[in-house]
1. Got a number for residues in region 57-75 being loosely packed, with under 12 Cβ neighbours inside 10 Å and either aromatic (Phe, Trp, Tyr) or more than 15 Å from ALA102 (Cα to Cα) (or both)?
2. For region 60-102, enumerate the residues that are touching a helix residue (DSSP H, G or I) at 6+ places or on another chain (Cβ under 9 Å) and either under 30 Å from LYS49 (Cα atoms) or not in a helix (DSSP H, G or I) (or both).
3. For region 208-230, what are the residues that are free of Cβ contacts under 8 Å to residues at least 24 places away in the same chain and of a type in the set (Gly, Ala, Ser)?
4. ASP174 fails exactly one of the following numbered conditions: (1) under 30 Å from GLU15 (Cβ atoms); (2) surrounded by 11 or more Cβ atoms within 10 Å (Cβ to Cβ). What is the number of that condition?
5. Being of a type in the set (Lys, Arg) and in contact with a strand residue (DSSP E or B) (Cβ under 7 Å, 6 or more places away or on another chain) is the filter here, so list the residues in region 186-235 that pass it.
6. Return yes when ALA102 is touching a Phe, Trp or Tyr at 6+ places or on another chain (Cβ under 9 Å) and at negative phi and no when it is not.
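FYI, it's all coordinate maths here, none of it is from the lab. All values reported here derive from a predicted model rather than from experimental measurement. Note that each Cβ is placed from the backbone with ideal geometry, even for glycine, and that neighbours are counted across all protein chains shown.
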Amino acid sequence: MGPVLNGLLKLQSVENLLRAEKAKLTRCRRNVVIQENLIRSLQNALEAKKEEMQLTKLQFDRLELELKSRDETVARLRASLNTAKTNKEYAAVLTQLNTMKADSSKIESQTLELMKDIETDEAECKDIQGQIAEQKETLEQTRKESEALSGKFEAEIDKIQAEWDEVAKAIPADALEKFNRVAETYDGHAVAVVEQQEGRQGAYSCGGCFMGITAECVNLLMTKDEIIRCANCTRILVLGNAHES
């Protein structure tokens, strides 16, 4: 192979390093985003729990008012018992009084359950607030670590990018354009090494998609310094011994 394909093979090596460092930088920054999303999720959960607790308190207050009204009614009915003039009237008031007291007892049970729910909600709110405070501390630490690592990765990326630019200078513009286009398709892996299929003399395959490569393509790579692409995946093909050329 000639200087074009050798140059592309070298550029592929630098491209791999460049993308690996960029991936590290992305993961580093993603940790901060993940932590921020976790805190946001906890804050949403806290607001939802507060709203739920507020509705429970409103229901509790409504039942408390109803109990107060019923207590007043019970007091009036008890007074009516003392002024009843006949047994029939007394029995009617007594029945009404007992019914009112039974209903009040049920409402009291409901208010007790609501009080328990409110206490549980308050405890959960307190727990979530504690988690938020803890995660904010973690976020601050993660952010500091991310900033430190980001600076390191950015410096390494600048260094590798300079090397990439230097290697790219020796590659013709049309070849470089094809390399970049294929690299974008395959996450940087634009060049594929032709591999000889095991146990099959004269049978070759693309090292990228593992589909068969014609002997004619291999012969052209041996004799010409031209870009030949895999008919299946469109990667740029090079010979396996290209680094020795």
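1. Here the count works out to 2.
2. PHE60, LEU63, GLU64, GLU66, LEU67, ALA84
3. GLY212, ALA215
4. (2)
5. Of everything in region 186-235, those that are of a type in the set (Lys, Arg) and in contact with a strand residue (DSSP E or B) (Cβ under 7 Å, 6 or more places away or on another chain) turn out to be ARG229, ARG235.
6. no
For (1) more than 30 Å from PHE210 (Cα to Cα); (2) surrounded by 13 or more Cβ atoms within 10 Å (Cβ to Cβ); (3) among the β-branched types (Val, Ile, Thr), each residue gets a yes or a no:
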residue: ALA84; (1), (2), (3): yes, yes, no
residue: ALA92; (1), (2), (3): yes, yes, no
residue: GLN96; (1), (2), (3): yes, yes, no
residue: THR99; (1), (2), (3): yes, no, yes
residue: ARG143; (1), (2), (3): yes, yes, no
residue: GLU154; (1), (2), (3): yes, yes, no
residue: ASP158; (1), (2), (3): yes, no, no
residue: ALA168; (1), (2), (3): no, yes, no
residue: ASP187; (1), (2), (3): no, no, no
